[in-house]
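Notes follow the structure.
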Amino acid sequence: DRCPAEAGDDGFGCPKKKAEKLEGLTFKSGKATISSNAKRLLKEVAKKLKEDDAYKDLKIVIQGHTDNRGKAKKNLKLSQNRAKAVMKQLTKFGVAKDRIKSIGLGSTCPVDDNSTAEGRENNRRIEMHFVTPENDGMKCESNYVGD
């Protein structure tokens, strides 16, 4: 048992990890280039994925999301490119390639209201999902219901 202080979901092992929004990981509008500040953040994420017993054996999916401004096809491509850029950076920091996949969901999975600037900012995000036998990490997991 790699998590002796925590009960797993089935009473054994580690509890299932919830998806994590990678806070502070931002991109310039319309771009998929990772800033030096974001690289520092991803270096810490990679360290956790490689060294923390609760994470080091998990497979992950990096999901890219956008707000609903602009054309849906362009947003989908942008979200895919951003997720792929994050995945590549994590592998540069030593996370095994066979542990990571990436997917872009465009504006199809909002977590907030796209009619406000704050809501759109919340929707422009990168999330790290953990693969389980029941969940391949490739689908929207937002419970947001718009007006």
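The values are calculated or read from the model by the stated rules, or taken from the named source; none is laboratory data. This one's a predicted model, so the numbers in the text were calculated from it and none came from an experiment. When the accessible area is computed, the model is the full protein with side chains, heavy atoms only, and any ligands, DNA or RNA have been set aside. Shrake-Rupley method; radii C 1.70, N 1.55, O 1.52, S 1.80 Å.
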One finds the C-alpha centres of the range 30-51 and the range 61-102 to be spaced, in Å, by 12
Expected field for Ile100, accessible surface area in Å² at 1.4 Å probe radius, rounded to 10, holds 10
XL table Lys74/Lys97; Lys21/Lys92; Lys48/Lys71; Lys21/Lys74; Cα-Cα > 31 Å flagged, in table order, is Lys48/Lys71
As a test question: what accessible area, to the nearest 10 Å², does Met87 have when a 1.4 Å probe is rolled over all protein chains in place? 40
Carbon + sulfur, % of accessible area of the chain - ligands and nucleic acids excluded, 1.4 Å: 49
Rg over Rh, two decimals, the chain (C-alpha only, Kirkwood Rh): 0.99
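Per the helix-only calculation at 222 nm, which mean residue ellipticity applies to the chain, given -39500 (n - 2.57) for every DSSP H run of n ≥ 4 and division by its residues, nearest 500 deg cm²/dmol?
Values: 3 runs with 44 residues, N = 147.
The helix-only estimate for the chain comes to -10000 deg cm²/dmol at 222 nm.
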